[in-house]
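Structure first, commentary second.
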Amino acid sequence: MVAYNFKAQFADDVASGKKWQTIRRNRRAKVGDPLQLYTGMRTKGCRKLRDAVCTAVYEVTIKSRGYYLAVRLNGELLPTEQVRELALADGFESLSAFADFFAEQYGLPFCGYLTRWD
C-alpha cells in the first residue's frame, strides 16, 4: 500500500476523480500497487480522499527554455498540446500555473516520476 498526501489546493480534484495523476520527485509506486490518497496527513485535519490502484508510472523531466516548457515522459518530448493536457490532468488551471508550481516548488529542471491511477 502506497499513501500519497496532497496539498489542499488539489484535494477536491483528487477526491472527485478530476485529478488522476501526481508528479513527484521519488518513485514510490509501481503498476498494480494499491494507493491511498490523503490530504493533511500527520495533522488533525487528515482526510482520506480515495483508494485507487496505480495504472502507470513514467519518468518525467520538466525544463524551461525561455517561454517554452519542455516536458519528457520516458524520454519522449511531448508536444505543447500534450503538455497542456498533462497540466490540466495534474490539477492545474493552465500550463503557466503548472510551470510556475514546479519552478517554485522544486526548481527547474525537474526530474521525477508521474504516477497515474484508476
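Please go through region 22-36 and pick out each residue that is under 23 Å from ALA8 (Cβ atoms), among the basic types (Lys, Arg) and modelled with pLDDT of 95 or more.
Of region 22-36, the ones under 23 Å from ALA8 (Cβ atoms) are 22-26, 28-29, 35-36.
Filter again for among the basic types (Lys, Arg), leaving 24-25, 28.
Result: ARG24, ARG25.
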Checklist line | Count of residues meeting criterion [within 21 Å of GLY107 (Cα to Cα), at pLDDT 95 or above and in contact with a Pro (Cβ under 8 Å, 6 or more places away or on another chain)] in region 37-88 | finding: 3
Check: Hey, does region 56-77 have a residue that's out of contact with any Ser or Thr (no Cβ under 8 Å at 6 or more places or on another chain) and touching a residue at least 60 places away in the same chain (Cβ under 8 Å)?
Finding: no
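Taking PHE92, is it surrounded by 15 or more Cβ atoms within 10 Å (Cβ to Cβ), in contact with a helix residue (DSSP H, G or I) (Cβ under 8 Å, 6 or more places away or on another chain) and part of a loop (DSSP other than H, G, I, E, B)? Reasoning before the result, please.
On the way: surrounded by 15 or more Cβ atoms within 10 Å (Cβ to Cβ): yes; in contact with a helix residue (DSSP H, G or I) (Cβ under 8 Å, 6 or more places away or on another chain): yes; part of a loop (DSSP other than H, G, I, E, B): yes.
Yes; evaluated as a whole, the condition is true for this residue.
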Margin query: Among (1) over 14 Å from TRP117 (Cβ atoms); (2) in contact with a Leu (Cβ under 6 Å, 6 or more places away or on another chain), there is one condition GLU85 misses while meeting the rest; what is its number?
Written below: (2)
Note to self: Please go through (1) crowded, with 16+ Cβ neighbours inside 10 Å; (2) out of contact with any Lys or Arg (no Cβ under 8 Å at 6 or more places or on another chain); (3) at positive phi for TRP117 and return the number of the only condition it doesn't satisfy.
What the structure shows: (3)
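Hey, can you tell me all the residues within region 97-114 that are open to solvent by 70 Å² or more (accessible area, probe 1.4 Å) and either assigned to a strand (DSSP E or B) or small (Gly, Ala, Ser) (or both)?
Narrowing region 97-114 to residues open to solvent by 70 Å² or more (accessible area, probe 1.4 Å): 100, 104-106, 109, 111.
The one that is open to solvent by 70 Å² or more (accessible area, probe 1.4 Å) and either assigned to a strand (DSSP E or B) or small (Gly, Ala, Ser) (or both): CYS111.
The values are calculated or read from the model by the stated rules, or taken from the named source; none is laboratory data. What you see is a predicted model; the values in this text were computed from it and never measured. Heads up, the Cβs are rebuilt from the backbone with ideal geometry, glycines too, and the neighbour counts pull from every protein chain shown. Each accessible area value is taken on the protein alone, full model and side chains, heavy atoms only, with ligands, DNA and RNA left out. Shrake-Rupley method; radii C 1.70, N 1.55, O 1.52, S 1.80 Å.
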